[in-house]
Amino acid sequence: MTPPLRLGVNIDHVATLRNARGGFYPDPVRAAHEAIMAGADGITAHLREDRRHIRDEDIERLKRQILTPLNFEMATTDEMVAIARRVRPHAACLVPEKREERTTEGGLDLRSSPERLAAVIGALNEAGIRVSLFVEPDPEVMSAAHRLGAPVVELHTGAYAEAFIAGDEPRTTTELDRIRRAAAHGASLGLEIHAGHGLTEENVGRVAAIPEIVELNIGHALIGAAVFVGLADAIRAMRAAMERGRGSAAAS
Ligand code: PXP
């Protein structure tokens, strides 16, 4: 039987909007409360080194005020590890972070400094934080993540999303196949499989249909739609699209 699919709502871009003017409005913590009321299973926030959207106090307030699992997206720096160990979110998703990028453009490179990564994973595991690695959808990368001791991987769906937006069906299918193969291999190793990046109401269905994937983390499309229809309706529409996709998997 296909397991249920959770939705983690990434609230970073509520903070982007707030920071455009400074001050306190709109409040990402209010967005978290509204997302939970609309059915989010988790809240994700990325504290970037340059604090371009989420700020330190947002993370503290989220941890204090919400009971729903908080997924703290973070680079593998000493500063972020110290913050995670102090705040103790439910989960931490390790992402590569470059100052100049607009968003997280690729998955973590698990080969370049495995000792460092294993130490970060160990330090977070020890603090009771469930670690996921944001990685490219590739079976070899799944094996490497497993060797490093991470219980969860989040598959980067950016290449699939880009191919979909470009209307390039052959490339969309190829990228989707990569995600499918990685998910199947990762799950066979005992990894919990999440996915995210660039997912929209239009493209989420085919990813939701992959039975090994148990959580999707979605931000930009939800906050973008919220400008027009409100966050609750945006989340309900995304959930419905996810469920249609999941249902099609169960039926086939
Ligand atoms: N998952 C991870 C690890 C991310 O870095 C991001 C982007 O912040 C997302 C999911 C959500 O991507 P999007 O905002 O494109 O939905």
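The values are calculated or read from the model by the stated rules, or taken from the named source; none is laboratory data. This one's a predicted model, so the numbers in the text were calculated from it and none came from an experiment. A quick note on method: Cβ atoms are made from the backbone with ideal geometry, for glycine too, and the neighbour counts reach across all protein chains shown. Quick note on the areas: whole protein, heavy atoms, side chains included, nothing else; ligands and nucleic acids left out. Shrake-Rupley method; radii C 1.70, N 1.55, O 1.52, S 1.80 Å.
Annotations for the structure displayed:
- Boolean, Val135 is within 11 Å of the ligand (Cβ to nearest atom) and in contact with a helix residue (DSSP H, G or I) (Cβ under 7 Å, 6 or more places away or on another chain): yes
- Among the residues of segment 167-177, none qualifies, meaning not one is within 26 Å of Phe72 (Cβ to Cβ) and more than 14 Å from the ligand (Cβ to nearest atom).
- For Met74: the one exception among (1) at pLDDT below 95; (2) within 19 Å of the chain's Cα centre (by Cα): (1)
- Screening the candidates Arg55, Arg51, Arg64 for the property of being open to solvent by 70 Å² or more (accessible area, probe 1.4 Å) and not small (Gly, Ala, Ser) yields one hit, Arg64.
- Residues being in a loop (DSSP other than H, G, I, E, B), surrounded by fewer than 18 Cβ atoms within 10 Å (Cβ to Cβ), more than 14 Å from the ligand (Cβ to nearest atom) and of a type outside the set (Ser, Thr, Tyr) - total across segment 198-252: 1
- Exactly one residue among Ala145, Ala119, Ala183 is over 29 Å from Asp78 (Cβ atoms) and of a type in the set (Gly, Ala, Ser), and that residue is Ala183.
- Among the residues listed as Glu212, Glu154, Glu169, the single one being out of contact with any helix residue (DSSP H, G or I) (no Cβ under 7 Å at 6 or more places or on another chain), touching a residue at least 12 places away in the same chain (Cβ under 8 Å) and of a type outside the set (Lys, Arg): Glu154
- Per this entry, Ala84 is not counted among residues that are within 14 Å of the ligand (Cβ to nearest atom) and either at pLDDT 95 or above or among the basic types (Lys, Arg) (or both).
- Qualifying residue in segment 39-49 (condition: over 16 Å from the mean Cα position of the chain (by Cα) and within 18 Å of Ala225 (Cα to Cα)): yes
- Residue in segment 7-16 that is under 27 Å from Val204 (Cβ atoms), modelled with pLDDT of 95 or more, surrounded by fewer than 18 Cβ atoms within 10 Å (Cβ to Cβ) and of a type outside the set (S, T, N, Q) present: no
- Residue match in segment 21-40 (condition: touching a strand residue (DSSP E or B) at 6+ places or on another chain (Cβ under 8 Å), away from the ligand (no atom under 16 Å from the Cβ), open to solvent by 50 Å² or more (accessible area, probe 1.4 Å) and at pLDDT below 95): no
- Test result for Ala187, farther than 26 Å from Glu169 by Cα and touching a residue at least 24 places away in the same chain (Cβ under 8 Å): yes
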